[in-house]
Amino acid sequence: MFKVLIISFLIPFASHLLFMSNNQEVDYVASTTVSVGSVTTPPQKLTFSDPNQLLTTVSKDVSILGFIPKDIVSLSKLGYPEQSARSVVVSDLERMVDEAKKDGVILSIVSSYRSYDKQVELFSDYSKNIGEVKANTFSARPGHSEHQLGTTFDFSNEKREGLTQGFGLAPEGLWLAKNAYQYGFTISYPAHKVKVTGYTYEPWHYRYVGVEMATYLFKNDLVLQELDFTVYK
Ligand SMILES: [Zn+2]
């Protein structure tokens, strides 16, 4: 059974979106049509370069500069008053948190949307303490963090304990690893993909990519970066 999901964006032709950051001007080309493979079909070549798109590339090599999502909302109605995220994520996030609760798993969120400026602060603190190269094995340089997209979360347990790799074996980590894809979330930095992502294992860090893509990645044991993305700058 082959099935290809075609997502057509409303943009009739490749449109150019300008982002200004630190006096730099970068031209992002948004794609018109995107084909995403089903769990049995490999994805077609994808072109994602608008950070507003859920699947846009952001990695050690690809920066979204000073991108600021326009639809950031507080997550206080979900019980996370200190957290915020893009509105597009909220209903699936709420569904996931509720379903986890039914299984006796309480998910807390210790980090969500993080601005460029916040990342500057964070990364420079880490760099001062342990050096830039080491810091970059677990913390993104400003402009390179998935948290800046507003669709990425660091989950923890009810006690909001620190983010450690042991979380992967804790009930919350195990629940997420097994179920998060059904709500559109994908683990960005699995233990066996360090060479692909450049980041150490982060069992708490999940990015929202929508249910179709999260399912595809889960069933095929892939991370987003392994898909054939092309970014034009
Ligand atoms: Zn994170």
* Test: residue in the range 213-229 that is modelled with pLDDT of 95 or more, touching a His at 6+ places or on another chain (Cβ under 6 Å) and surrounded by fewer than 20 Cβ atoms within 10 Å (Cβ to Cβ) -> no
* Asked: Which residues, counting only those in the range 149-162, are surrounded by fewer than 17 Cβ atoms within 10 Å (Cβ to Cβ) and within 16 Å of the ligand (Cβ to nearest atom)?
  -> R160, E161, G162
* Structure fact -> Output for Cβ contacts, cut-off 7 Å, separation at least six or different chains, first residue without any contact (Cβ under 8 Å) to a residue 24 or more places away in the chain in the range 98-123, second not hydrophobic (A, V, I, L, M, F, W, C), reads V120/P142; L122/S139; F123/S139; F123/R141; F123/P142
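Identify all residues within the range 90-145 that are of a type in the set (V, I, T) and within 15 Å of the ligand (Cβ to nearest atom); write none if there are none. Before you say what the answer is, go through the steps one by one.
Just the residues of the range 90-145 that are of a type in the set (V, I, T), to begin with: 90, 97, 105-106, 109-110, 120, 130, 133, 137.
Passing the criteria: I109, V110, T137.
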* Could you tell me whether the range 179-187 includes any residue that is in contact (Cβ under 8 Å) with a residue 12 or more places away in the chain and either out of contact with any helix residue (DSSP H, G or I) (no Cβ under 9 Å at 6 or more places or on another chain) or surrounded by fewer than 14 Cβ atoms within 10 Å (Cβ to Cβ) (or both)? => no
* To do: Give the residues of the range 188-221 that are part of a loop (DSSP other than H, G, I, E, B) and in contact (Cβ under 8 Å) with a residue 60 or more places away in the chain, sorted by residue number.
  => G198, Y199, T200, E202, W204, V209, G210, N220
* Asked: Could you say whether any residue in the range 116-138 is surrounded by fewer than 22 Cβ atoms within 10 Å (Cβ to Cβ), hydroxyl-bearing (S, T, Y) and touching a strand residue (DSSP E or B) at 6+ places or on another chain (Cβ under 9 Å)?
  -> yes
* To do: Report, by residue number, each residue of the range 163-188 that is within 16 Å of the ligand (Cβ to nearest atom) and under 22 Å from V88 (Cβ atoms).
  => L176, A180, F185, T186, I187, S188
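The values are calculated or read from the model by the stated rules, or taken from the named source; none is laboratory data. In this text the structure is predicted, and so the values were computed from the model without any measurement. Ideal geometry is used to build each Cβ from the backbone, glycine not excepted, and the neighbour counts take in all protein chains shown.
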